[in-house]
């Protein structure tokens, strides 16, 4: 009896629980389906107001998850996590309660459309990390709901019609890496941003006023990030703040620091004066010819006449670069007129162009030297590439610069106007891991680019040394440091300015004064069409498979491929021509076989090798973005620091 009575409650409980479990499972399935349908409807609600010309192929079918195959939409387990609808010609509005219902959304990019009206309340997008709404026609004030998105890393509202003050709450977005608010109509003061994570920042071309707060973060950025705001003043923008003196008129502003002083700090290199023997200097002069001297003489006469009218004297220059560069006196002296596209580029990037002679200085650079000084300096050839030849030039004020003389035949496909516009864009790039373009010059016969000189050679020389020496792989810590520096520079080019390096290789990664890796020759590939057949085996080895046809252009994903090849070169000490075609699973074995015993560092090498294998996938769709690559490398760095810290604590 006792046995029978004790089993009865168990049996009855089982019969009760089974239907209950079935109900719970059914309810969970219905809830999931409801969430998926909600995401699809949110996208359709957005389309109904934003896509007035029906350019988005969003149509709901019987398959609930069909919205995950819509263009620009990416899902994880059926939930929308990423929307990238760039340049679709959307000409409506961003409707409230549409995309804002996507509570799993991480990335939202609607840039380069024509969306108008206010930006809706985004506070429900609690998982949002990246927001690109730039290059639209949004109006109204800065959306206060954005201040509640504490996971936000990237925010771009540039090139819209936004007005009002910048909220002080911007300082609370402590994860911000990228903030662009330029080319709007914001007024008032700049908040005292001091986020240590902030690396990209631009508030140029607004109506901001007052002193720029002197914070550790804002001190990182060049003055062009603040340009186009006449009312700004203070240390960072090199403009003294004066009290209002209505009875005595405006006070006189203090002159800016001298050009020589500024550039000495930037370049950090002062050399002894050049040789007194001018005929020895002439031995390193490139392309000297009698016919060009006649043209130079004509130009000198012209310059002397101009200088006499302005009570200045001009000495006869001894040309150190090809004198044909100054053949067209009219082109040398004329002031270029900005067309609509040039104005747009300058507005977007905070460019402030200036000229000294016919050198065009980029991004608000001070005029540290003139064309005459550049031509008088001694020159030494550093190397010859597929698009031009690079020289080290020592000027008579003891400054040293790097001058790249482009092959005028290979760059002939680029018109004069296109060249100027592109150089102004490239000249606006400023990052610790880029060799800064300071100025450029062009005539019909000559195109010159003037960069900072990097004193410690290239990564290629660091790896391979002299031809007589046996190449030896770098220590894994050096590989990690260089890889992070290069990834930082590439991610900046791709993310901040939507440009492409196009020619990444170890010879184009230079070592700065503190042996930081700096990219050079970036964004020049578009100026010329150089077939792979004209490149050596190693240069061609950096090219992604999809760009090996002459008609194919470099892309951000082809830069990622080249980065993977470069990382393998760092790890193995072998140039691309000696890299075998291996499956990712076999790649680590090969890398390990090329190195000496690393003393327990095999796991760390394996992590870097995996990054290289991921980047050098044959299909561009399978490669990560450069931003993702940078995060991978930084995660490896964090793991290494944590492991080393733990070892120290136990020792």
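The values are calculated or read from the model by the stated rules, or taken from the named source; none is laboratory data. Not measured: the values here are computed from a predicted model. With ideal geometry, Cβ positions are generated from the backbone for all residues, glycine too; neighbour counts draw on all protein chains shown.
Name the single residue that is modelled with the lowest pLDDT among those in the stretch 199-224 being under 19 Å from residue 156 (Cα atoms) and touching a helix residue (DSSP H, G or I) at 6+ places or on another chain (Cβ under 8 Å).
The qualifying residue modelled with the lowest pLDDT is 224.
All but one of (1) closer than 30 Å to residue 197 by Cβ; (2) outside any strand (DSSP E or B); (3) out of contact with any helix residue (DSSP H, G or I) (no Cβ under 7 Å at 6 or more places or on another chain); (4) touching a residue at least 40 places away in the same chain (Cβ under 8 Å) hold for residue 438, so report the exception by its number.
(2)
Here is a list of conditions, (1) under 24 Å from the mean Cα position of the chain (by Cα); (2) surrounded by 14 or more Cβ atoms within 10 Å (Cβ to Cβ); (3) not in a loop (DSSP other than H, G, I, E, B), and residue 236 meets all of them except one; can you say which number that is?
Of (1) under 24 Å from the mean Cα position of the chain (by Cα); (2) surrounded by 14 or more Cβ atoms within 10 Å (Cβ to Cβ); (3) not in a loop (DSSP other than H, G, I, E, B), only one is false for residue 236: (3).
Check residue 386 against each of (1) surrounded by 22 or more Cβ atoms within 10 Å (Cβ to Cβ); (2) closer than 18 Å to residue 504 by Cα; (3) not assigned by TED's automatic domain parsing to the domain that holds residue 499 and name the one condition it does not meet.
All conditions are met except number (1).
Kindly evaluate residue 472 against the criterion of being surrounded by fewer than 19 Cβ atoms within 10 Å (Cβ to Cβ) and modelled with pLDDT of 90 or more.
Answer is no for this residue.
Which condition breaks for residue 417 when tested against (1) touching a strand residue (DSSP E or B) at 6+ places or on another chain (Cβ under 6 Å); (2) surrounded by fewer than 17 Cβ atoms within 10 Å (Cβ to Cβ)?
Only one criterion is unmet by residue 417, namely (1).
Kindly indicate whether any position in the stretch 59-72 is at pLDDT 90 or above, outside any loop (DSSP other than H, G, I, E, B) and either touching a helix residue (DSSP H, G or I) at 6+ places or on another chain (Cβ under 8 Å) or within 23 Å of residue 154 (Cβ to Cβ) (or both).
No, the stretch 59-72 has no match at all.
Among the strands (runs of 3 or more DSSP E) contained in the stretch 313-423, which hold 1 or more residues that are at pLDDT below 80?
So the answer is 354-356.
Could you tell me whether residue 570 is touching a strand residue (DSSP E or B) at 6+ places or on another chain (Cβ under 9 Å) and either within 30 Å of residue 498 (Cβ to Cβ) or at pLDDT 90 or above (or both)?
Here the answer is no, as residue 570 does not meet what is asked.
Looking only at the stretch 577-623, which residues are touching a residue at least 60 places away in the same chain (Cβ under 8 Å) and buried (at least 18 other Cβ atoms within 10 Å of the Cβ)?
595, 604, 605, 608, 611, 623
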